[in-house]
Amino acid sequence: MQTPAPEETAHDPSQPPCVLVFNANDPSGAGGLSGDVSAIASAGAHALPVITGTYARDTAETFDHFPFDEEVVAEQARCLLEDVTVQAIKVGFAGTPENLSAIAEIATDYPDIPLIAYMPNLSWWNEVQIDLYLDAFQELVLPQTTVLVGNHSTLWRWLLPDWEGERSPSARDIARAAGEYGVPYTLVTGIPAPEQHIDNVLTSPQSVLTSEKFERFEAVFSGAGDTLTATLTALIASGCDLTEAFTEALGYLDHCLDGGFRPGMGHVIPDRLFWAQADLDDSDPSEDEPQSPASPLELPPHDTQH
């Protein structure tokens, strides 16, 4: 359960650990690289974001994805790795099997760096692309993965497509399936539990290591999985024991969701900077204190004046 940092990847405690992140740009800010960067920074680490492509999406749904070429993805990462000592790698959505191949090749060259992989819900994509992507992920990325993270429903349908049991597969059932590809640890989220709770379980193929239950939120969120995985990766990069990182990352996510906001007409976005919000009760000026005048600086409209 301990993830030791070898001497060549150990970080100087006087500066933040570095996390190499492969993910797509999400223009809504719900997840993707922007979500990763803010979550990793909140956990006290420095993100090295490698963009694999970009979504075309709003806060409600994903309409399309435009991937980068694998040479572009590989070149971004290679330049960083030749310059910066990296303590952990997070793999989000890579967009194509070719990009997964490039990422797996890089990970093979750095076997001592923990790799935490997140499998998002790909139901917005067409079935052919989904199948090709999942097959490539199984063959290329899972053998390099230290911790696999994903929602119970997503991982079940991916890793146990022929499940015929009367009950839903347990987190350990899913971990055993992932273990067949070489994954030592699996974090399964969103497992339905009694009394409007959901369970989150960290398990190996052999045994359940720990679990945390949280009360279910009524809102529909975007970006929760990326937030959890990025935070977990940052904590592992900092040298946390895996079970400690699991507990702290879930606690952080729970606060993010509790403070979530809806910037558009779609889903709620986690507030990954909830800790930086001013306390309104403490910041309100008293009636006896003089109020500062309004700023005289007014921004003009951004339309062109002729």
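The values are calculated or read from the model by the stated rules, or taken from the named source; none is laboratory data. Since this is a predicted model, take the numbers as computed values, not measurements. Neighbour counts are summed over all protein chains in view; Cβ atoms, including those assigned to glycine, are modelled from backbone coordinates with ideal geometry. Accessible surface areas use protein heavy atoms only, side chains included; no ligands, DNA or RNA. Shrake-Rupley method; radii C 1.70, N 1.55, O 1.52, S 1.80 Å.
In table form, for the structure just shown:
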item	result
Kirkwood Rh in Å, taken over the stretch 191-251 so that all alpha-carbon pairs contribute	12.6 Å
Relative contact order (%) - criterion: Cα under 8 Å, at least six apart; region: the chain	19 percent
Largest-first principal axis extents, alpha carbons of the chain, Å	67, 49, 44
Charge tally in the Cβ shell below 12 Å around Val21, where Lys, Arg are +1 and Asp, Glu are -1, Val21 excluded	-1
Considering only the stretch 142-213, percent of DSSP beta bridges that pair antiparallel, nearest 5	70 percent
Which of Tyr133, Tyr181 is most accessible, then next, and so on - probe 1.4 Å	Tyr181, Tyr133
The stretch 144-219: GluC sites (Glu not before Pro) in DSSP coil with no more than 13 other Cβ atoms inside 10 Å	Glu164, Glu166, Glu180, Glu195, Glu218
Helix-derived mean residue ellipticity, 222 nm - over the chain, DSSP H n ≥ 4, -39500 (n - 2.57), to 500	-9500 deg cm²/dmol
Accessible area in the full protein assembly, largest first, 1.4 Å probe, for Arg167, Arg176	Arg167, Arg176
DSSP-loop GluC sites (Glu not before Pro) across the stretch 14-93, with at most 13 other Cβ within 10 angstrom	Glu61, Glu82
Carbon plus sulfur fraction of accessible area for the chain, probe 1.4 Å, in percent	51 percent
Of every Cα-Cα pair in the stretch 76-147, the percent that sits beyond 17 Å	42 percent
Förster radius 51 Å - calculated FRET efficiency between Lys213 and Val72 (Cβ-Cβ, nearest 0.05)	0.75
Accessible area (Å², per residue) of the stretch 125-165, counting only protein heavy atoms and a probe of 1.4 Å	51 Å²
DSSP beta bridges in the chain [antiparallel fraction, %, rounded to 5]	45 percent
Heavy atoms of Arg157: accessible area, 1.4 Å probe, square angstrom to 10	150 Å²
Directionally averaged shadow of the stretch 11-140, computed from the convex hull of its alpha-carbon atoms, nm²	7.8 nm²
Between 0 and 90°, nearest 10: helix 97-109 axis offset from the chain longest Cα axis	80 degrees
Longest to shortest principal axis, alpha-carbon extents of the stretch 162-281, angstrom	50, 36, 24
Solvent-accessible surface (1.4 angstrom probe) belonging to Ile198, in square angstrom, nearest 10	40 Å²
Principal axis dimensions, largest first and in whole angstrom, of the stretch 138-205 by Cα	38, 23, 17
